């Protein structure tokens, strides 16, 4: 069974607006069009995508992608390091595109979020 350990740090104190948000997966679970096992599998897939993105840039941090991008532009970064960072970022971008696609389908698309923010 999947144990979700990357829960929002403000989850218990989150704003009412956030409490009211129901992602696509949760709505499908609530309506019975998706089983609990399927819902947990989706979460597991998304968490694995995040891990792959973080490992591609070799730093365990949500800001690792931006950190690596900043190092490429740093004049003190030598050309070999730039190549290594570029390759890592390219791999991370591929994973990020996959994650974004799944998040749009399973969590909320940008249009869903805009609509939710205006409700």
Exercise for the section: Could you list, in sequence order, all residues of the stretch 1-16 that are in a helix (DSSP H, G or I) and at pLDDT below 75? Expected result: 11
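From 43, 53, grab the single residue that is closer than 17 Å to residue 100 by Cβ, at pLDDT below 75 and not in a loop (DSSP other than H, G, I, E, B). Steps first, please.
Numbers: 43 fails: at pLDDT below 75.
The conditions single out 53.
If a residue has to be within 22 Å of residue 38 (Cβ to Cβ) and part of a helix (DSSP H, G or I) to count, how many in the stretch 96-119 make the cut? Full working, then the answer.
Within the stretch 96-119, the subset within 22 Å of residue 38 (Cβ to Cβ) is 98-109, 112.
When the remaining residues are screened for being part of a helix (DSSP H, G or I), the result is 98-106, 112.
Of the residues in that region, 10 qualify.
Residue by residue, here is whether (1) touching a strand residue (DSSP E or B) at 6+ places or on another chain (Cβ under 6 Å); (2) surrounded by 15 or more Cβ atoms within 10 Å (Cβ to Cβ); (3) closer than 27 Å to residue 18 by Cβ; (4) modelled with pLDDT of 80 or more holds:
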residue: 58; (1), (2), (3), (4): no, no, no, no
residue: 64; (1), (2), (3), (4): no, yes, yes, no
residue: 87; (1), (2), (3), (4): no, no, no, yes
residue: 105; (1), (2), (3), (4): no, no, yes, yes
residue: 115; (1), (2), (3), (4): no, no, yes, no
Problem - Top-ranked residue of the stretch 74-85 - restricted to ones that are in a helix (DSSP H, G or I) and touching a helix residue (DSSP H, G or I) at 6+ places or on another chain (Cβ under 9 Å), ranked as surrounded by the most Cβ atoms within 10 Å (Cβ to Cβ) - result: 85
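The values are calculated or read from the model by the stated rules, or taken from the named source; none is laboratory data. Quantities reported herein were computed from a predicted structural model and do not represent experimental measurements. Glycine gets a Cβ as well: all are built from the backbone with ideal geometry, and neighbour counts include every protein chain shown.
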